[in-house]
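Enquirer: Have a look at this one.
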Amino acid sequence: LQFNVPVNSVGAASVVTTGNVVIGSASAVADGSSVVTVTLTGVPDNSRALVSVNAINGGAYVAQATIGFLVGDVNGLGSVSASDLSAIKARNTQSASTAFMFDLDRSGTANAADVSVAKSRSGLRLPP
């Protein structure tokens, strides 16, 4: 999360569905910069989540962001489509260090296997 002031401390972090059901775990770290790093685990694919971080700089302020998780949606438009397939193909053989969003199978390289993963999910959309 990006702030317009330095953040030196944060409280608890959480990740829930839009219906307020816990769907994973979250932790947050403030390092004195304007960026708070939030780590999420266990959030299911094809879901929207509300991420919250409490007690920003020890106060009552709660920072929140809604984000979507959809494997294959590399352009962030909320669905897996031909444009996602094209984007992955355009990065064929690139290392995950420069093309991590396109390395869907986490093999270390964006390649034909990643195109296959996206193709198998073509037409899926994030829930509203």
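The values are calculated or read from the model by the stated rules, or taken from the named source; none is laboratory data. None of the values given here were measured: they were computed from a predicted structure. Here the Cβ positions follow ideal geometry from the backbone for every residue, glycine too, while neighbour counts run over all protein chains shown. The area values use the complete protein model at the heavy-atom level, side chains included, leaving out ligands, DNA and RNA. Shrake-Rupley method; radii C 1.70, N 1.55, O 1.52, S 1.80 Å.
Enquirer: When the residues of region 17-32 are narrowed to those that are in a strand (DSSP E or B) and at pLDDT 95 or above, which ends up most open to solvent (accessible area, probe 1.4 Å)? Can you show your working first?
Expert: Step one: filter region 17-32 for residues in a strand (DSSP E or B), giving 22, 25-30.
Then keep just the ones that are at pLDDT 95 or above; that gives 25-30.
On the way: S25: 57, A26: 26, S27: 59, A28: 24, V29: 91, A30: 26 Å².
Checked region 17-32; the qualifying residue most open to solvent (accessible area, probe 1.4 Å) is V29.
Enquirer: If I ask for residues that are in contact (Cβ under 8 Å) with a residue 40 or more places away in the chain and within 19 Å of the chain's Cα centre (by Cα), which ones from region 70-102 would you list?
Expert: Of region 70-102, the ones in contact (Cβ under 8 Å) with a residue 40 or more places away in the chain are 70-74, 78-82.
L70, V71, G72, D73, V74, G78, S79, V80, S81 - these are the residues of region 70-102 that are in contact (Cβ under 8 Å) with a residue 40 or more places away in the chain and within 19 Å of the chain's Cα centre (by Cα).
Enquirer: Something else about it: Is it the case, given these coordinates, that L50 is surrounded by 14 or more Cβ atoms within 10 Å (Cβ to Cβ) and under 26 Å from P6 (Cβ atoms)? Before you say what the answer is, go through the steps one by one.
Expert: Values: surrounded by 14 or more Cβ atoms within 10 Å (Cβ to Cβ): yes; under 26 Å from P6 (Cβ atoms): yes.
Criteria met by L50.
Enquirer: Another question about this same structure. Take the residues in region 64-114 that are among the charged types (D, E, K, R) and assigned to a helix (DSSP H, G or I), then tell me which one is farthest from G11 (Cα to Cα).
Expert: Step one: filter region 64-114 for residues among the charged types (D, E, K, R), giving 73, 84, 89, 91, 103, 105-106, 114.
Right, trim to assigned to a helix (DSSP H, G or I) and you get 84, 89, 114.
Values: D84: 37, K89: 42, D114: 37 Å.
Checked region 64-114; the qualifying residue farthest from G11 (Cα to Cα) is K89.
Enquirer: So which residues in region 53-68 are open to solvent by 60 Å² or more (accessible area, probe 1.4 Å) and within 16 Å of T17 (Cα to Cα)?
Expert: Once the filter is applied, which keeps residues that are open to solvent by 60 Å² or more (accessible area, probe 1.4 Å) and within 16 Å of T17 (Cα to Cα), region 53-68 yields Q64, T66, I67.
Enquirer: Which of the residues belonging to region 1-22 are among the aliphatic types (A, V, I, L, M) and either more than 16 Å from the chain's Cα centre (by Cα) or closer than 18 Å to N46 by Cα (or both)? First the steps, then the outcome.
Expert: Taking region 1-22 first, the residues among the aliphatic types (A, V, I, L, M) are 1, 5, 7, 10, 12-13, 15-16, 21-22.
Residues satisfying the conditions are V5, V7, V10, A12, V15, V16, V21, V22.
Enquirer: Return yes or no: is V35 at pLDDT 95 or above, within 30 Å of V80 (Cβ to Cβ), touching a Phe, Trp or Tyr at 6+ places or on another chain (Cβ under 9 Å) and not hydroxyl-bearing (S, T, Y)?
Expert: Numbers: at pLDDT 95 or above: yes; within 30 Å of V80 (Cβ to Cβ): yes; touching a Phe, Trp or Tyr at 6+ places or on another chain (Cβ under 9 Å): yes; not hydroxyl-bearing (S, T, Y): yes.
Spelling it out, V35 is indeed at pLDDT 95 or above, within 30 Å of V80 (Cβ to Cβ), touching a Phe, Trp or Tyr at 6+ places or on another chain (Cβ under 9 Å) and not hydroxyl-bearing (S, T, Y).
Enquirer: Taking region 103-116 on its own, how many of its residues are open to solvent by 40 Å² or more (accessible area, probe 1.4 Å) and over 18 Å from the mean Cα position of the chain (by Cα)?
Expert: The number of residues fulfilling the criteria is 6.
Enquirer: Suppose we keep only residues that are out of contact with any helix residue (DSSP H, G or I) (no Cβ under 8 Å at 6 or more places or on another chain) and in a loop (DSSP other than H, G, I, E, B) within region 117-128. Which one would you say is least open to solvent (accessible area, probe 1.4 Å)?
Expert: Initially, region 117-128 is screened for residues out of contact with any helix residue (DSSP H, G or I) (no Cβ under 8 Å at 6 or more places or on another chain), giving 117, 120-121, 123-128.
Filter once more, so that each one left must be in a loop (DSSP other than H, G, I, E, B): 121, 123-124, 126-128.
On the way: R121: 44, G123: 57, L124: 64, L126: 28, P127: 51, P128: 146 Å².
Result: L126.
Enquirer: Considering only residues of region 53-62 that are more than 29 Å from D103 (Cβ to Cβ) and not in a loop (DSSP other than H, G, I, E, B), which is nearest to the chain's Cα centre (by Cα)?
Expert: Within region 53-62, the first condition is being more than 29 Å from D103 (Cβ to Cβ), and the residues that meet it are 54-62.
If we keep only those that are not in a loop (DSSP other than H, G, I, E, B) too, we end up with 56-58.
Values: I56: 21, N57: 24, G58: 26 Å.
Step by step, filter region 53-62, then rank; the result is I56.
Enquirer: Can you work out which of the residues in region 33-47 that are open to solvent by less than 50 Å² (accessible area, probe 1.4 Å) and in a loop (DSSP other than H, G, I, E, B) is farthest from L126 (Cα to Cα)?
Expert: Filtering region 33-47 for residues that are open to solvent by less than 50 Å² (accessible area, probe 1.4 Å) and in a loop (DSSP other than H, G, I, E, B), the one farthest from L126 (Cα to Cα) comes out as S33.
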